[in-house]
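In what follows, a single structure is set out as structure tokens and then discussed.
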Amino acid sequence: MKILAISDRKPKQSIKELVNEHNVEIIITLGDLTYFDLIELKDINKIPKIGVYGNHDSGKYFEELGILNLHLNIFDYNGLKFGGFQGSVRYKENPYAIMYTQEEALELLKDFPHVDVFCAHSPPYGINDDPNDLAHTGLIALRKYIEEKRPSYFLHGHTYPQENEITQKYLETTIIYVFGEKIIEIF
């Protein structure tokens, strides 16, 4: 299955061109994008569009663009289960930002079932994060989820790891970091 994943920055190329050029079967947005970054999705209706909001998102544009909100939801597609979690660790007080304390995230994810592909804005704690920078510290709940539920894939954005330091595997889970657009082939 070919996925077009988008996170943290508008794609350099037209989304429609990327979909056609790479025979994309599903589009996944991973947050910190604007309505205008993704406006082309309004006219793409033949393949599923799923995603999670990031900590800098308004949390109000998915419906208009036809994106299924994956936050704490499951989407079945072609025999695979996709699930997700929005936002990041709470690093400042802002009632409009999509952020959670470590404890809030643990509580929200404690009973979330196994999925094949987990989509999040934030990385798991200790994986592609920066524990010395509160804003870019991963979520403990996401790491615990991987350790307990063992999804095949975990997609995320939010941070800026050095290319030579990007974790690509944790236990049995393939970790995929996305900045901008990335074509991903799974299974």
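The values are calculated or read from the model by the stated rules, or taken from the named source; none is laboratory data. What you see is a predicted model, and the numbers here were worked out from it, not measured in a lab. So basically every Cβ, Gly included, is an ideal-geometry build from the backbone, and we count neighbours across all protein chains shown. Accessible surface is based on the protein model in full, side chains and every heavy atom, while ligands, DNA and RNA are left aside. Shrake-Rupley method; radii C 1.70, N 1.55, O 1.52, S 1.80 Å.
Under Stokes-Einstein, with the Kirkwood radius over Cα pairs as Rh, the value for the range 1-64 at 25 °C and 0.890 mPa s is 207 µm²/s. Counted over the range 71-187 with a bin width of 10 Å, the fraction of Cα pairs per bin, in whole percents, is 14, 49, 32, 6, 0. Centre-to-centre separation between the Cα atoms of the range 78-112 and those of the range 124-187: 14 Å. Here each label is just a point 7 Å from Cα along the line to Cβ, and for residue 168 and residue 10 those points are 3.1 nm apart.
Do any of 42/110; 12/81; 110/169; 2/149; 92/144 go past 27 Å between their Cα atoms, and which?
Details: 42/110 34 Å; 12/81 29 Å; 110/169 23 Å; 2/149 23 Å; 92/144 23 Å.
In this structure, 42/110; 12/81 exceed 27 Å between Cα atoms.
At q = 0.11, 0.17, 0.19 Å⁻¹, what base-10 log of I(q)/I(0) does the Debye formula yield for the range 67-139 when every alpha carbon is treated as an equal point scatterer in vacuo? Calculated log10 I(q)/I(0) at the listed q: -0.29, -0.67, -0.81. Heavy-atom accessible surface of the range 59-176, averaged per residue, reaches 50 Å², computed with a 1.4 Å probe.
Of all the options 39, 146, 67, the one that moves most in a Gaussian network model of the chain with Cα springs shorter than 10 angstrom is 39. Across q = 0.24, 0.33 Å⁻¹, the range 81-120 modelled as identical point scatterers on its alpha-carbon atoms has Debye log10 I(q)/I(0) values of -0.84, -1.13, in the order of the q list.
Rg/Rh, computed from the Cα trace of the range 127-187 with Rh as the Kirkwood radius, has the value 0.95.
Potential lengthening of the chain between residue 58 and residue 185 amounts to 42.8 nm, from the contour at 0.36 nm per residue minus the alpha-carbon distance.
In units of the rule-of-thumb radius 2.2 N^0.38 Å, the range 1-130 shows an alpha carbon radius of gyration of 1.05. Within a straight-line Cα-Cα reach of under 15 Å, residue 10 can be paired with the following aspartates and glutamates, leaving aside sequence neighbours fewer than 8 residues apart in one chain: 32, 37, 40, 57, 181. Quick one: Debye curve from the alpha-carbon atoms of the range 47-88 only, equal weights, vacuum; give me log10 I(q)/I(0) at q = 0.17, 0.30, 0.33 Å⁻¹ to two decimals. One equal scatterer on each Cα of the range 47-88 leads to -0.45, -1.10, -1.20.
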